[in-house]
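The block underneath contains the structure these notes are about, expressed in structure tokens.
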Amino acid sequence: SRGLGINRQKEHELRMVLTFEITEPDTRDFFNGFLGILNSGAGMIGPIVAGYVISRLADNTGYTVIFSLSLALFSVA
């Protein structure tokens, strides 16, 4: 639990540093707002879509599909 909190803090710090590196001061507000909207939307829609996929596929196939998709997206990122 404590390790997850430390990891989350470092991730946040890195995100802020990268934001300052890739944006100009006059576009930073828009970038942060747009990124916040995307993160919030994904956090709300993702679990609903995953639950729908899992409930529609037989046995544990839905879990395998969601895990495989998550692994593929993580690998690409």
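Would you check if residue 67 is among the aromatic types (Phe, Trp, Tyr) and exposed (fewer than 11 other Cβ atoms within 10 Å of the Cβ)?
So residue 67 does not fit the description; no.
Which of the numbered conditions does residue 74 fail, given that it passes all the others? Conditions: (1) at pLDDT 90 or above; (2) assigned to a helix (DSSP H, G or I).
(1)
Take residue 6 and decide whether it is at negative phi, assigned to a helix (DSSP H, G or I), modelled with pLDDT of 95 or more and out of contact with any Lys or Arg (no Cβ under 6 Å at 6 or more places or on another chain).
Answer is no for this residue.
One residue is enough: does segment 21-33 have a residue meeting the conditions in contact (Cβ under 8 Å) with a residue 12 or more places away in the chain and either assigned to a helix (DSSP H, G or I) or in contact with a Gly (Cβ under 9 Å, 6 or more places away or on another chain) (or both)?
Scanning segment 21-33 turns up at least one residue that is in contact (Cβ under 8 Å) with a residue 12 or more places away in the chain and either assigned to a helix (DSSP H, G or I) or in contact with a Gly (Cβ under 9 Å, 6 or more places away or on another chain) (or both).
The values are calculated or read from the model by the stated rules, or taken from the named source; none is laboratory data. Remember, it's a predicted structure, so these values are computed and weren't measured experimentally. Note: ideal-geometry Cβ built from the backbone for every residue, glycine included; neighbour counts use all protein chains shown.
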